[in-house]
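The values are calculated or read from the model by the stated rules, or taken from the named source; none is laboratory data. Being a predicted model, the structure only gives us computed values, none of them experimental. Positions of Cβ are backbone-derived with ideal geometry, glycine not excepted, and every protein chain shown enters the neighbour counts. What goes into the accessible areas is simple: the full protein's heavy atoms, side chains included, and nothing from ligands, DNA or RNA. Shrake-Rupley method; radii C 1.70, N 1.55, O 1.52, S 1.80 Å.
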Amino acid sequence: MLSRTAEGLFWMSRYVERMDNTARLLDAGRRLDALPRQDGATSSEWTSIVIASGCSDSFPDDPESATSTTVREHLVRDETNPSSIVSCILAARQNAKAVRPSLTSEVWEAINQTQSELKKHLHNEFDRKNLNAFLDWAHGRAALIIGSVLGTMMRDDRYGFVQIGKWFERADATARLLDVKYHVLLPKVADVGGGFDYLQWLQILRAANSATAFRHAYGRSPDAEGVVDLLVLNPQSPRSLRTALEQLDFELTSLTKGNVGLQQKLLAQVKLQSRAIDQLALEDIFARGLHEWLTNFILETNNLARMTAVAFGFGAIPEPDAS
């Protein structure tokens with residue numbers, strides 16, 4: 001396959017997944033904003049969304065002064081922000097158009113229609129009601145596109161590059177969503193495990209569409225150990241970091257052809273990180289510090305994405321902001 005086709009499929013998929021995950025971060029901010037404020041909290045939920053989204057540099061103001069309005073505008077409408085929902089939809093369609101012969105009509109129509117419908121939503125002011133409806137729409141469109149890929153594309157190299165784009169983006173986004181909790185941690189250690197702590201973890205699960213999965217898997221109220229286990233280590237969770245690395249291992253194994261040095265080096269590194277998370281204990285994450293572990297994971301995963309770009313001829317990928 002031509003490298004430019006592989007690149008287009010990879011980035012089309014990443015931008016679709018990023019659209020969905022940016023909506024999830026906004027949903028997390030919306031839900032946390034509805035909770036009672038705690039005296040002495042280290043940061044506002046909207047500051048945490050800016051930091052966790054990796055948009056500290058692109059945000060037009062000091063992130064510490066972030067409000068629901070400024071964050072919403074930057075993460076929804078701002079076309080200068082490559083992670084905004086509008087930018088993701090436009091970029092996904094641009095990449096899809098460039099590789100149109102490699103897509104089924106169902107995938108192309110799902111992406112094309114998403115851009116067409118976007119204009120209608122952008123005419124609305126995003127008050128609480130309209131924002132909720134818009135985020136639901138973004139989730140639904142992403143699910144339709146991903147479902148069209150799963151249901152209509154042949155399991156060949158084209159499909160493989162779509163999948164690795166999705167899994168790289170999902171790994172990064174799940175880690176960032178979990179890291180939102182770090183930035184709004186309770187000020188007193190004694191409050192951890194209390195009612196407010198429970199509500200915060202519940203909102204993170206809901207934003208990840210994983211509240212029902214948590215209840216089925218663990219049968220208890222959300223807590224730090226359970227949520228981190230589900231979204232980091234549980235191989236049955238479709239949003240866990242372990243699942244993402246296992247799927248990247250599987251797809252890159254299929255895509256690696258012969259003894260191509262850079263591709264073999266990439267595959268070896270992915271297998272190394274996949275084995276490491278397979279053997280990781282929950283206690284190890286908390287012993288290191290959840291925020292520190294997540295920050296390192298984000299940097300390592302984005303380094304793998306850059307290696308993928310080089311190994312398959314995409315070129316460079318910008319350095320991520322993992323602060």
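Worth a mention:
- Of the residues T114, T152, T80, T174, the single one that is under 29 Å from R30 (Cα atoms), open to solvent by 40 Å² or more (accessible area, probe 1.4 Å), touching a helix residue (DSSP H, G or I) at 6+ places or on another chain (Cβ under 9 Å) and hydroxyl-bearing (S, T, Y) is T80.
- Flag for L35 being open to solvent by less than 10 Å² (accessible area, probe 1.4 Å) and either part of a helix (DSSP H, G or I) or modelled with pLDDT under 90 (or both): no
- Among the residues listed as N234, N303, the single one being buried (at least 17 other Cβ atoms within 10 Å of the Cβ) and free of Cβ contacts under 8 Å to residues at least 24 places away in the same chain: N234
- Subset of the stretch 268-295 [under 23 Å from A173 (Cα atoms), free of Cβ contacts under 8 Å to residues at least 24 places away in the same chain and either open to solvent by 50 Å² or more (accessible area, probe 1.4 Å) or more than 22 Å from the chain's Cα centre (by Cα) (or both)]: K271, L272, R275, A276, Q279, A281, E283, D284, A287, R288, E292
- One residue alone among D179, D229, D157 is within 27 Å of R306 (Cβ to Cβ), modelled with pLDDT of 95 or more and surrounded by 15 or more Cβ atoms within 10 Å (Cβ to Cβ), and that residue is D157.
- Criterion (modelled with pLDDT under 95 and aromatic (F, W, Y)) met by exactly one of F312, F297: F312
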